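Down below is the structure, laid out as structure tokens.
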Amino acid sequence: GNTFQVDFKGSYFTNRQMIEELCLVLVISILLLFFILAAQFESLLQPFIILSELIIDIFAAMLVLWICGVSLNLMSMIGIVVMCGIVINDSILKVDTINRLRKDGMGLKHAIMEAGGRRLKSILMTSLTTILAIAPFLVRGDMGSDLQYPLSLALIAGMVAGTLVSVFFIPLAYYVIYKNTEKR
């Protein structure tokens, strides 16, 4: 009766644990964000409009990572978490602007168009500064840039998708949800 004990250790296992923790952090922060937005907008529907963007952005980031053959590792997860934080801001501001314009007595379609016009410049500036600041990390040559490549790829893919979502999808979702509440 000799008994053997096998134990696996290494970066793969610690990274896997960290990715699981990061996913948990992302879920908790999205839940917190939902409750904060629900309180701010005094609505349970509007946070869903805003948070629906994250699903599209995370999917886009993962799709680009998959197409480029980059694994979902610690760096790409950090990129996704950072991207979520930056990109959600545009949608919050857009929905807030639409709400304020409607409160001031503007019609639904007019408020959505006006908010789109007012927020377009700031949304594009936020996205372009982030994307252009991270773009140099896409050049791979030395070990450091290989490490930052997944992070920058996930961030840029998510930001591009997020910008399109903020500009086109969010107003559309808002309109579809609220078109029946409009006074004739």
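The values are calculated or read from the model by the stated rules, or taken from the named source; none is laboratory data. Since the structure is predicted, the reported quantities are computational estimates derived from the model, not experimental observations. For neighbour counting, all protein chains shown are included, and Cβ atoms are generated from backbone atoms with ideal geometry for every residue, glycine included. With ligands, DNA and RNA removed, areas are computed over all heavy atoms of the protein, side chains included. Shrake-Rupley method; radii C 1.70, N 1.55, O 1.52, S 1.80 Å.
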Residue under evaluation Ser145, criteria (1) open to solvent by 60 Å² or more (accessible area, probe 1.4 Å); (2) within 29 Å of Asn15 (Cα to Cα); (3) small (Gly, Ala, Ser), criterion not met: (1)
Unmet criterion (only one of (1) over 26 Å from Val176 (Cα atoms); (2) within 15 Å of the chain's Cα centre (by Cα)) for Leu31: (1)
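Quick check on Val165: is it closer than 21 Å to Phe59 by Cβ and either touching a Lys or Arg at 6+ places or on another chain (Cβ under 9 Å) or touching a residue at least 12 places away in the same chain (Cβ under 8 Å) (or both)?
On the way: closer than 21 Å to Phe59 by Cβ: yes; either touching a Lys or Arg at 6+ places or on another chain (Cβ under 9 Å) or touching a residue at least 12 places away in the same chain (Cβ under 8 Å) (or both): yes.
When the stated conditions are applied, Val165 passes them.
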Entirely in the range 1-116, the helices (runs of 4 or more DSSP H) that have 3 or more residues that are of a type in the set (Ser, Thr, Tyr) and exposed (fewer than 15 other Cβ atoms within 10 Å of the Cβ): 11-41
Options Ile55, Ile67, Ile36, Ile50; residue that is of a type in the set (Val, Ile, Thr) and either touching a residue at least 24 places away in the same chain (Cβ under 8 Å) or touching a His at 6+ places or on another chain (Cβ under 9 Å) (or both): Ile50
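Filter the range 165-184 down to the residues that are surrounded by fewer than 20 Cβ atoms within 10 Å (Cβ to Cβ) and either of a type in the set (Phe, Trp, Tyr) or assigned to a helix (DSSP H, G or I) (or both) and list them by number.
Of everything in the range 165-184, those that are surrounded by fewer than 20 Cβ atoms within 10 Å (Cβ to Cβ) and either of a type in the set (Phe, Trp, Tyr) or assigned to a helix (DSSP H, G or I) (or both) turn out to be Val167, Phe168, Phe169, Leu172, Tyr175, Val176, Ile177, Tyr178, Lys179, Asn180, Thr181.
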Matching residues in the range 117-164 - criterion: being of a type outside the set (A, V, I, L, M, F, W, C), farther than 22 Å from Ile19 by Cβ and assigned to a helix (DSSP H, G or I): Gly117, Arg118, Arg119, Lys121, Ser122, Thr126, Ser127, Thr129, Thr130, Pro136, Thr163
